[in-house]
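Engineer: Quick one: the structure is below, questions incoming.
The values are calculated or read from the model by the stated rules, or taken from the named source; none is laboratory data. Please read all numbers here as calculations on a predicted model, not as lab measurements. Note: ideal-geometry Cβ built from the backbone for every residue, glycine included; neighbour counts use all protein chains shown. The protein model used for the area step is the full one, side chains on, heavy atoms only, and it has no ligands, DNA or RNA in it. Shrake-Rupley method; radii C 1.70, N 1.55, O 1.52, S 1.80 Å.
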Amino acid sequence: QESLVESGGGLVQSGDSLRLSCKTSERIITSFNMCWFRQTLGKEREFVAAIAQSGTTFYADSVKGRFTVSRDNAQKTMYLDMNKLNPDDTAAYFCTARINLRDIRDPDFGPWGPGTQVTVSS
């Protein structure tokens, strides 16, 4: 079964930067629209950012201008560069793949990786 594996999370201070990675298979990275979601305890998973097969990017309003999503097909990896982090960004971050662009913001189905925890202290 093809997998999605996130990495790069950690404990940082407010204002710091982090780069998350989502490693997957060649088939997924070259054929699917790729997305980042995040979830805090007791809350629904929320859309963060996505990159379409065309290269077009999409962002939640809360991260626009601070986060950048990118994809390296040769490395079979999607990235999320996060700048000016604040405590509201504290969450487990997940990557997923979507066949249809209309589904990129839908949190109700996977597949999902195991997630990587980002904690931002004030």
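Engineer: Pull up all non-local amide H partners of ASP16: gap of 5 or more, or a different chain, and H-to-H distance under 5 Å with H placed in the peptide plane.
Structural biologist: Under 5 Å from the amide H of ASP16 lie the amide H atoms of LEU85, each far enough along the sequence or on another chain.
Engineer: Checking the cross-link filter: which lysines have an alpha carbon closer than 28 Å to that of LYS76, excluding same-chain neighbours under 8 positions apart?
Structural biologist: Cross-link targets: LYS23, LYS64, LYS84.
Engineer: Something else: Using the crude model of +1 on Lys and Arg Cβ and -1 on Asp and Glu Cβ, and no other charge, please compute the dipole size for the range 1-115 relative to its Cα centre, in debye to 20.
Structural biologist: Values: 14 positive and 14 negative charges, 37 e Å.
The dipole magnitude comes to about 180 debye.
Engineer: Let me ask you something else. Which log10 I(q)/I(0) values does the range 1-88 give at q = 0.10, 0.14, 0.18, 0.23 Å⁻¹ under the Debye formula, counting every alpha carbon as one identical point scatterer?
Structural biologist: Listed by q, the Debye log ratios stand at -0.25, -0.50, -0.81, -1.24.
Engineer: Something else now. If I ignore ligands, DNA and RNA and count only protein heavy atoms, how much of SER31 is accessible to a 1.4 Å probe, in Å² to the nearest 10?
Structural biologist: In the full protein context, SER31 sits at about 70 Å².
Engineer: Can I ask one more? Ignoring ligands, DNA and RNA, what percent of the accessible area of the chain is carbon or sulfur (1.4 Å)?
Structural biologist: Values: 2940 of 6300 Å².
Carbon-and-sulfur percentage of accessible area, whole number: 47.
Engineer: Lys and Arg at +1, Asp and Glu at -1: add these up for the other residues within a Cβ distance under 14 Å of LYS76 and post the number.
Structural biologist: Details: positive: LYS23, ARG27, ARG71; negative: GLU2, GLU6, GLU26, ASP72.
Residues close to LYS76 contribute a combined charge of -1.
Engineer: If you count only protein heavy atoms with a 1.4 Å probe, what accessible area per residue comes out for the chain, rounded to a whole Å²? Please report the intermediate quantities before stating the final value.
Structural biologist: On the way: 6300 Å² over 122 residues.
Per residue, the chain has 52 Å² of solvent-accessible surface.
Engineer: Right, here's the next one. Among VAL120, LEU18, ALA74, whose Cα sits farthest toward the positive end of the charge dipole of the chain (+1 at Cβ of Lys/Arg, -1 at Cβ of Asp/Glu, about the Cα centre)?
Structural biologist: Of the candidates, ALA74 comes out farthest on the positive side.
Engineer: Where the centre of each part is set by its Cα atoms, how far does the range 1-60 sit from the range 103-122, in angstrom?
Structural biologist: Spelled out, the Cα-based centre of one part sits 7 Å from the other.
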